[in-house]
Ligand code: GLU
């Protein structure tokens, strides 16, 4: 007997850009499939037409591609849409509903929205959880058929077993047991004829051969209903694992405001896809090392057992930790390309990238360093944008200090720091931080970055001269009133 090949899926609705929470779900399912050499499907759950966004499917693909998550089946794979797009599967969903109706395992529900609303309100008042009271469950089939034929509108509900419990072995949380009474009969087709999530999602999983589903714990109570549904249809349910939702450090739900950036925003902020992948793979467990890994290497190490059931806390500092690692792993070619597009002259690119690489938080910083170190026309010390304490340092250093430094550097026949340093000390009468801090500020406009020796060695003499003269001017005029 051969084992069924592993197949997982990511099944988003095209309702907006992906955020870190659903990206993590996508990644976990992808890692699981890749770990077993199985297939990964991107299924577009767009059966709730009113909620779909115009560019939804294109955006989903762009977001996943940016992360480097590729799918074997789904949009762009050459398969018909009915293999991956729910809105193209209406007939298949209808067939499943018909089968359930024919077997008495589902029934039309004629309850009006008002009735259901007041039922919920009563239950709430009595401190009870909302559940359908089975009002239409007992309508004889011929009566229901006559009402439908007369044009009455009805949703379709799944008939859950009378009582007892439904259990399943959650891949992440272990044995889960639900009382049937608490689940009540769920809607599987809306009154407008569209398949409800519960049905479309479960039928598609079964028919598409999905073996494992990793999803958020917000779906936990859907699972026993879907298991009953699939059993009623004679279809095989996948294994389900529910992970804790991604929340903010204070436990509140992720929102854009509190940092749950969409992929598009993370990309704009300069985060590297490999940083995001490595961060998300650790969020909630499962990868034992602190190394930056490729998707393939992460997949090789991935285990479902390693996933935590508790909430996964989004921590910007951790994401930044992986960003730092990703930046350190940039290749010479990647850095060279960034330097070239920042306008760094070809003959300076190698020394420039060596100098700035340790100081890069994002690749976009290359542009800023190019301006500071290579652009002779750039004014780096803008009083309006310079922190007050840095301006104070410039003023305290005095105009004479900068002019003396400028002249001493001009007089040096080399820019080698071992020679330049004593010359600067002698000319300015300062040393250590009193020498280097104001010099660094004058030359780059920043209080951090490459060492002052490296800066002086690298910077063209004309640029250096102009910047020191400008600092002297600033030290003379003092802090402008609007600074
Ligand atoms: N479209 C559903 C969602 O985005 C899929 C849930 C699932 O993974 O089963 O929540």
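The values are calculated or read from the model by the stated rules, or taken from the named source; none is laboratory data. For clarity, every value in this text was computed on a predicted model and none was experimentally measured. Don't worry about glycine lacking a Cβ; one is built from the backbone with ideal geometry, like all the others, and counts go over all protein chains shown.
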Worksheet item: Here are 108, 14: which of them is surrounded by 14 or more Cβ atoms within 10 Å (Cβ to Cβ), in contact with a strand residue (DSSP E or B) (Cβ under 7 Å, 6 or more places away or on another chain) and assigned to a loop (DSSP other than H, G, I, E, B)?
Response: 14
Worksheet item: Do you know which of the residues in region 12-28 that are within 20 Å of residue 277 (Cβ to Cβ) and within 11 Å of the ligand (Cβ to nearest atom) is modelled with the lowest pLDDT?
Response: 18
Worksheet item: Of the residues 120, 131, which single one is surrounded by 12 or more Cβ atoms within 10 Å (Cβ to Cβ), in a helix (DSSP H, G or I) and out of contact with any strand residue (DSSP E or B) (no Cβ under 7 Å at 6 or more places or on another chain)?
Response: 120
Worksheet item: List the pairs whose first member sits in region 383-406 and is part of a loop (DSSP other than H, G, I, E, B), whose second member is buried (at least 20 other Cβ atoms within 10 Å of the Cβ), and whose Cβ atoms are under 6 Å apart, counting only residues at least 6 apart or on separate chains?
Response: 398/475
Worksheet item: Could you say whether any residue in region 32-41 is closer than 18 Å to residue 77 by Cα, in contact with a strand residue (DSSP E or B) (Cβ under 6 Å, 6 or more places away or on another chain), more than 13 Å from the ligand (Cβ to nearest atom) and part of a helix (DSSP H, G or I)?
Response: yes
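Can you find a residue in region 214-221 that is more than 16 Å from residue 96 (Cα to Cα), in a helix (DSSP H, G or I) and modelled with pLDDT under 95?
Yes, some residue in region 214-221 is more than 16 Å from residue 96 (Cα to Cα), in a helix (DSSP H, G or I) and modelled with pLDDT under 95.
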Worksheet item: Any residue at all in region 44-65 that is within 28 Å of residue 300 (Cα to Cα) and within 13 Å of the ligand (Cβ to nearest atom)?
Response: yes
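Please go through region 407-422 and pick out each residue that is outside any loop (DSSP other than H, G, I, E, B) and over 18 Å from residue 471 (Cβ atoms).
Across region 407-422, the qualifying residues are 411, 417, 418, 419, 421, 422.
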Worksheet item: How many residues are within 15 Å of residue 303 (Cα to Cα) and outside any strand (DSSP E or B) when one looks only at region 1-11?
Response: 1
Response to the item:
Flagged pairs (Cβ under 9 angstrom, 6 or more apart or on separate chains; first in region 205-219, free of Cβ contacts under 8 Å to residues at least 60 places away in the same chain; second near the ligand (Cβ under 8 Å from one of its atoms) and assigned to a helix (DSSP H, G or I)) are 219/201
Item to complete: Being out of contact with any strand residue (DSSP E or B) (no Cβ under 8 Å at 6 or more places or on another chain), within 16 Å of the ligand (Cβ to nearest atom) and over 30 Å from residue 360 (Cβ atoms) narrows it down to one of 245, 235, 220, so name that one.
Response: 235
Practice prompt. Starting from residues that are at pLDDT 95 or above and surrounded by 12 or more Cβ atoms within 10 Å (Cβ to Cβ), keep the ones in region 135-144 and report whichever is farthest from residue 183 (Cα to Cα).
Written response: 144
Worksheet item: Within the bounds of region 157-168, is there any residue that is within 16 Å of the ligand (Cβ to nearest atom), crowded, with 21+ Cβ neighbours inside 10 Å and assigned to a strand (DSSP E or B)?
Response: no
Worksheet item: Just to be sure, is residue 69 touching a helix residue (DSSP H, G or I) at 6+ places or on another chain (Cβ under 7 Å), more than 14 Å from the ligand (Cβ to nearest atom) and at pLDDT 95 or above?
Response: yes
Practice prompt. For region 223-230, indicate whether the set of residues that are more than 13 Å from the ligand (Cβ to nearest atom), assigned to a strand (DSSP E or B) and closer than 20 Å to residue 160 by Cα is non-empty.
Written response: no
Worksheet item: Inside region 182-211, can you point out the residues that are outside any loop (DSSP other than H, G, I, E, B), away from the ligand (no atom under 11 Å from the Cβ) and in contact with a strand residue (DSSP E or B) (Cβ under 9 Å, 6 or more places away or on another chain)?
Response: 183, 187, 188, 189, 195, 199, 203
Fill in: region 325-339, residues that are over 17 Å from residue 372 (Cβ atoms), part of a helix (DSSP H, G or I) and free of Cβ contacts under 8 Å to residues at least 40 places away in the same chain
328, 332, 333, 334, 336, 337
